[in-house]
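The values are calculated or read from the model by the stated rules, or taken from the named source; none is laboratory data. Not measured: the values here are computed from a predicted model. Positions of Cβ are backbone-derived with ideal geometry, glycine not excepted, and every protein chain shown enters the neighbour counts. Please note that ligands, DNA and RNA were not included when accessible areas were found on the heavy atoms of the full protein model with its side chains. Shrake-Rupley method; radii C 1.70, N 1.55, O 1.52, S 1.80 Å.
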Amino acid sequence: MPDIACVNGEFCDVANARVSIEDRGFQFADGVYEVIVAPGGVPFLLEAHLERLASSLAGIELRVDLAELRVAELVKTGIERCGYRDVMVYIQITRGVASRNHAMPERVTPTVVMTFKAKPVYDAALRKDGVALKTVRDNRWARCNIKSIALLANILLKQEARAAGFFDALIVSDDDIVRETAAANVFIVRDGVLRTPPKSTHILYGITRDHLLAQARKLDIPCDESDFDRAMLLSADEVFITSSTMEVMPVTRVDENAIGDGKVGAMTRRLFGCFN
Ligand code: PDD
């Protein structure tokens with residue numbers, strides 16, 4: 001089954017999808033994106049993703065109306081057409097095609113690209129045993145709350161972690177404050193309290209993060225959204241990371257340090273259930 005794409009409202013196989021080399025997304029990474037999963041063909045938290053997309057667009061002064069572009073409708077059509085049971089939808093909106101010039105073009109039509117692929121399946125052993133993170137310094141731009149397609153810093157940090165045999169990079173500030181990973185939000189559990197860094201320009205406001213916090217509060221789990229440092233994370237009972245594609249992924253080692261007893265914790269396992 002070929003993966004399918006939608007380019008400015010037209011569906012085709014991914015292999016045949018084309019955009020101009022003068023697209024500002026290609027030349028400047030002048031665009032934003034979303035990743036949405038649709039288990040059983042039902043988009044999960046679609047409204048929240050579209051709201052975040054709208055706020056990313058506003059953040060880069062790209063004035064488009066998602067309703068006018070029929071984004072929600074095209075997402076649903078693509079999910080139906082692709083034929084996968086569990087789907088991963090990628091949406092990218094760039095400022096469009098214009099002769100290369102840093103200044104924003106006056107009149108330009110945004111490029112709206114989507115792909116519809118099978119939702120990635122993570123090796124069950126990762127969930128069972130947990131993953132390891134490598135601590136790295138935050139050298140990304142200062143507006144991480146915008147889901148920008150300019151991901152070079154994240155890519156290099158992730159690669160640094162991968163090359164050293166780790167699953168992902170734990171990004172910390174110069175003074176060791178925990179931010180997030182290269183592509184997920186971070187949570188710790190300490191003395192029964194679920195903690196995650198607060199919303200700020202240092203992190204992406206993960207849709208999975210928000211969903212998990214809401215579900216945890218419903219379960220009467222105490223939650224705290226305030227900054228903590230790497231030392232506090234290392235002394236946590238449990239650590240896990242969240243994203244749309246991974247949901248909850250346990251972390252059992254950070255650098256050379258085991259977290260807790262080095263096994264996936266009870267709270268983490270309980271929170272797996274928030275996605276069923
Ligand atoms: N990544 N932080 C960063 C830097 C991310 O790239 C992501 C998501 C998250 C989690 O956000 P959400 O829960 O809304 O998926 C946090 C996506 C999946 C990606 O780039 O592929």
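Just for the stretch 178-222: of the residues that are open to solvent by 40 Å² or more (accessible area, probe 1.4 Å) and outside any loop (DSSP other than H, G, I, E, B), which one is nearest to the ligand (Cβ to nearest atom)? Selected residue: D210.
Taken over the stretch 75-112, residues that are acidic (D, E) and over 21 Å from V64 (Cβ atoms) amount to 2.
The condition of being open to solvent by less than 30 Å² (accessible area, probe 1.4 Å) and in contact with a helix residue (DSSP H, G or I) (Cβ under 6 Å, 6 or more places away or on another chain) holds for only one of A5, A48, that being A5. Against the condition under 21 Å from the mean Cα position of the chain (by Cα), assigned by TED's automatic domain parsing to the domain that holds I171 and open to solvent by 50 Å² or more (accessible area, probe 1.4 Å), how does E256 come out, does it pass? For E256, the condition - under 21 Å from the mean Cα position of the chain (by Cα), assigned by TED's automatic domain parsing to the domain that holds I171 and open to solvent by 50 Å² or more (accessible area, probe 1.4 Å) - is not met. Of the residues screened, L234 is not one that is within 11 Å of the ligand (Cβ to nearest atom) and either more than 30 Å from V89 (Cα to Cα) or at pLDDT 95 or above (or both). Being part of a loop (DSSP other than H, G, I, E, B) and within 14 Å of the ligand (Cβ to nearest atom) is a property that does not hold for S226. Remark: pairs (first residue in the stretch 243-264, part of a loop (DSSP other than H, G, I, E, B); second residue of a type in the set (D, E, K, R); Cβ separation under 6 Å; 6+ apart in sequence or on different chains) = G260/D237; G260/E238. Out of the residues in the stretch 168-177 that are in a strand (DSSP E or B) and more than 9 Å from V136 (Cα to Cα), state the one that is farthest from the ligand (Cβ to nearest atom). Only one residue fits best here, namely I177.
Output the number of residues of the stretch 230-253 satisfying the condition of being more than 23 Å from the chain's Cα centre (by Cα) and open to solvent by 30 Å² or more (accessible area, probe 1.4 Å). It would help to see each step written out before you state the result.
Filtering the stretch 230-253 for residues more than 23 Å from the chain's Cα centre (by Cα) gives 231-232, 234-237.
Imposing the further condition that a residue be open to solvent by 30 Å² or more (accessible area, probe 1.4 Å) reduces the set to 231-232, 234-235, 237.
Looking only at that region, the number is 5.
Of the residues contained in the stretch 39-48, one or more are found to be in the same structural domain as I91 (by TED's automatic domain parsing), away from the ligand (no atom under 16 Å from the Cβ) and aliphatic (A, V, I, L, M).
Look at (1) closer than 25 Å to D210 by Cβ; (2) touching a Lys or Arg at 6+ places or on another chain (Cβ under 6 Å) and you find that T94 fails only one, number (1).
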